[in-house]
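Report on the structure given below.
The values are calculated or read from the model by the stated rules, or taken from the named source; none is laboratory data. Computed from a predicted structure; not experimentally measured. When we count neighbours, we look across all protein chains shown, and the Cβ atoms used for this are built from the backbone with ideal geometry, even at glycine. Heads up: the accessible areas ignore ligands, DNA and RNA and are worked out on the full protein's heavy atoms, side chains in. Shrake-Rupley method; radii C 1.70, N 1.55, O 1.52, S 1.80 Å.
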Amino acid sequence: MAPRVPSTASAPPDSPPPSHSPAPTGIQGELEVELLELANALYNLGTTVINDSTKEKPKPGQPDNGFGGKPVGQRVNDVIGSLITVEDLAARLPTMIPMQVLQDVDNAKNPMNLTRDRLERAATENQFMNGKIQAIDSYRKMLDTALATHFPELGPYLAVDQSSQDSTHEDAIKSEP
């Protein structure tokens, strides 16, 4: 199925301008194009409903389009058709979206803000863990140095560099009475 490109020829003059970036290839590209068409159909429905201030039957001489002369029914059918196509494409798409993301979007939270917040939280937690790792590493080095100083026979089994062990050992010898 080739991706459909929204046509601007049939769009009303008050429709939003089309996107100038190309859609991705494959099923995601088809879905993106269809979502753009759905957004356009919803926009057209909204403007048609707002512009349709009369509730009467068509005037003589106007064509009957099967919806009592009103374009609202056709716009609703366009939206329904786009929704059906989106649902069909979604069934073929292997990408899973976490339920929390969908709930946040339903609660009118911006996905970009959610992404930024989660990245900032991950960076903060990463810095905190790096601090813990450095503290443990520093403690291990101090412990190994102290053990090597007081128990030189353990020196080969400890992860202490020889230069710090020798200077620490010499300092310990000088400080002994």
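In a residue-by-residue description of region 4-26, the property of being at pLDDT 80 or above and either within 30 Å of D117 (Cβ to Cβ) or open to solvent by less than 70 Å² (accessible area, probe 1.4 Å) (or both) applies to at least one position. When region 49-76 is filtered for residues that are at pLDDT below 85 and surrounded by 16 or more Cβ atoms within 10 Å (Cβ to Cβ), the ones remaining, listed by number, are K70, P71. A search for C-beta distances below 8 Å between a residue of region 87-102 that is within 15 Å of G29 (Cβ to Cβ) and any residue that is open to solvent by less than 80 Å² (accessible area, probe 1.4 Å), counting only pairs 6+ apart in sequence or on different chains, returns L89/I27; L89/E30; L89/L31; L89/E34; A90/L31; R92/I27; L93/I27; L93/L31. Looking across region 103-157, the residues that are open to solvent by 70 Å² or more (accessible area, probe 1.4 Å) and charged (D, E, K, R) come down to D106, K109, R116, D117, R118, E120, R121, E125, K132, R140, K141, E153.
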